[in-house]
1. Among the listed residues A:124, A:157, which satisfies the condition of being closer than 18 Å to residue A:500 by Cα, open to solvent by less than 30 Å² (accessible area, probe 1.4 Å) and outside any loop (DSSP other than H, G, I, E, B)?
2. Considering (1) more than 6 Å from RNA strand B (Cβ to nearest atom); (2) open to solvent by 10 Å² or more (accessible area, probe 1.4 Å); (3) among the small types (Gly, Ala, Ser), say which one residue A:422 fails and leave the rest.
3. Of the residues A:287, A:244, A:291, which single one is surrounded by 15 or more Cβ atoms within 10 Å (Cβ to Cβ), at pLDDT below 95 and not basic (Lys, Arg)?
4. State which residue is modelled with the lowest pLDDT when the search covers only segment A:52-84 and only residues that are open to solvent by less than 20 Å² (accessible area, probe 1.4 Å) and in contact with a Phe, Trp or Tyr (Cβ under 9 Å, 6 or more places away or on another chain).
5. For residue A:462, only one of the following conditions fails: (1) part of a helix (DSSP H, G or I); (2) over 20 Å from the mean Cα position of the chain (by Cα); (3) not polar (S, T, N, Q). What is its number?
6. Keeping to segment A:359-371, report how many residues are modelled with pLDDT under 90, part of a helix (DSSP H, G or I) and of a type outside the set (A, V, I, L, M).
7. Taking segment A:509-540, which residues are surrounded by fewer than 18 Cβ atoms within 10 Å (Cβ to Cβ), within 11 Å of RNA strand B (Cβ to nearest atom) and either among the polar types (S, T, N, Q) or part of a loop (DSSP other than H, G, I, E, B) (or both)?
Amino acid sequence: MRYLFKKHMIKDRLQEIIEQAVLTCRQEGLLQSAAMPAFAVEAPRNKEHGDFATNAAMLLAPAEKKSPRDIARLLVDKLTGNSTIVERIEIAGPGFINFYLQHEAWCSVLEELEQQGERFGSTAAGSGIKIQVEFVSANPTGPLHVGHGRGAALGDALANILAFAGYEVQREYYINNVGIQMQNLGKSVYLRYLQLLKQDVEFPDGLYRGDYILGVAKEVILKHGERFVKSPEPEALPFFTDFAATLIMSGIKDDLAQFGVRFDNWFSEKTLFEQGAVQRSIDELKARDLAYEHEGALWFRTTRFGDEKDRVMVKEDGTTTYFASDIAYHREKFSRGFARVIDIWGADHHGYVPRMTGVLQALGIAPEGFNVILVQMVNLLRSGVPVAMSTRSGEFVTLKEVMEEVGKDAARFIFLTRRSDAQLDFDLEVAKKQSDENPVYYVQYGHARICSITSFAREKNIPLPAFHDINPYLLSAAEEIELIKKIAQFPELVLGSAQAFEPHRISMYLMELVGMFHSYYSKHRVITDDLNMSRARLFLINGIRRVLRNGLTLLGVRAPEKM
RNA sequence: GCGCCUGUAGCUCAGCAGGAUAGAGCAACGGCCUUCUAAGCCGUAGGUUGGGGGUUCGAGUCCCUCCAGGCGCGCCA
């Protein structure tokens, strides 16, 4: 268990040493200010600036009324000789303190990597914290499209990453199987059914016109024949609604499974009504004078909690709104004991955020516990020409079609290489045409390449060595040290990605790491006549492979052994 | 009109809760396979970070303002 934290050791130790130096200076009267500045210890972008750098002196400067460089000199005085891993310390630029580490400090990373294997990169940061990620949650009124795919990839990867960072994660899909849209769905299928059986009926506007509706209707005929032709409409509709929702939902589940997305819980909106949860929420709000009647409807005073206007929960006709269900649903979620609940929504729902945070405030839930990630639109293009998408008109490209056309891995990687709050252009032709140079293949190729070298070595009677079988000091080429440093960054990268809810950091990192590997590969031969060197390098590149594989797994992308 | 998101190389995007000389990949140009995978590597070129103010030792990053694009502002879901 202890080694779980060991990987942060270098950075954490520097942090401690610096704090200690500040305290010592203070005791000796060299520094006056009382507060410890929130200084950073980070790997500088430019490697000439050392392995780690801190801005501590610059942050102390204003309070001390001294120049940052003068303060840096004071600190460095107390820092030197205080650590075995530091080779030298320099003051640079406006007052940065740069640390240059001994080669030895990095070798321990390779040992940890071996010990942790597929757990390398994980931390215990979220240990004991229950967190829920609710995503996709598309209405079962039609198949998933690319926009849902983006949310699916994001939610799935985020859940993986959070779990890797130690959180106890539940993945949930909320099924909106109640309401007028469901009735429209049933009616759409019913009318198509009648049309297929040569009945002369109108198909009014506002219903679902997609081809998949026809497919559902055919399925009804297949399973139940013509028996509904003669039933009166009000009797037939509930059956059609239910049948369609079930069939479409199972299609959604299939698509998600094919996309590599898994859920722990499928939460049905209907159960909120069956168990009276919606009514209970409404009653509670009424009792607390947070609800009032106006023009025949029942309103929630969301304006009390920062919303721009109050919102209707029960309509004039007596039916409840989607919002009413959501109140009950989120109340229910938090009652399950999650410290944090993350909702991933399409950005077109952003107007909904203030009223939901208002609801949670009204329910006495701390706002930090509720996080909405808004996923911006996907502009689907084909050779630069927008592809129209609308569920009702039936003109859209489904997630399934995209997967079949460009592949699961490429699609996921494209979604996960961008921040979620920026719109995304997804050009089908580009994603396909560039398949040879697509970043996902660049990363996967690196992984396959390492596998190939490893099996080549095995043929030469050099099995994959263990850490204690190699001499890590042989890995002293500049590229090798850079690679080891890059590997060492992985755990904190995962943690940062988890805490910022930003899976794309993983993709970016993997591209950088694999780029360094490809470059290394063409400069240095791994398997040579020098057995010890071959072993050391073989160990190193397999460490890279391990990180690539762990990272790709978090993203839900395959790490192939051959390409 | 109000609100949210975005604006970085010709194109698609990064830039790690302000840090040092803004980076990749495509596209362009020039090189590299008789030895471990050329889906690769090396090099060249490409930028007033949408414009303008401000905050400070320091701004692509924070604040204000203007411009442009997207989305949202129903007793819809």
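1. Checking each option against the conditions leaves just A:157.
2. Looking at each condition in turn, residue A:422 falls short on (1).
3. After ruling out the rest, the residue left standing is A:291.
4. A:79
5. Condition not satisfied by residue A:462: (1).
6. Final tally of qualifying residues: 3.
7. Result: A:519, A:522, A:524, A:525, A:528, A:529.
This table checks each residue for (1) near RNA strand B (Cβ under 9 Å from one of its atoms); (2) among the β-branched types (Val, Ile, Thr).
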{"site": "A:283", "(1), (2)": "no, no"}
{"site": "A:292", "(1), (2)": "no, no"}
{"site": "A:295", "(1), (2)": "yes, no"}
{"site": "A:312", "(1), (2)": "yes, yes"}
{"site": "A:329", "(1), (2)": "no, no"}
{"site": "A:336", "(1), (2)": "no, no"}
{"site": "A:339", "(1), (2)": "no, no"}
{"site": "A:351", "(1), (2)": "yes, no"}
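The values are calculated or read from the model by the stated rules, or taken from the named source; none is laboratory data. Since this is a predicted model, take the numbers as computed values, not measurements. So basically every Cβ, Gly included, is an ideal-geometry build from the backbone, and we count neighbours across all protein chains shown. Each accessible area value is taken on the protein alone, full model and side chains, heavy atoms only, with ligands, DNA and RNA left out. Shrake-Rupley method; radii C 1.70, N 1.55, O 1.52, S 1.80 Å.
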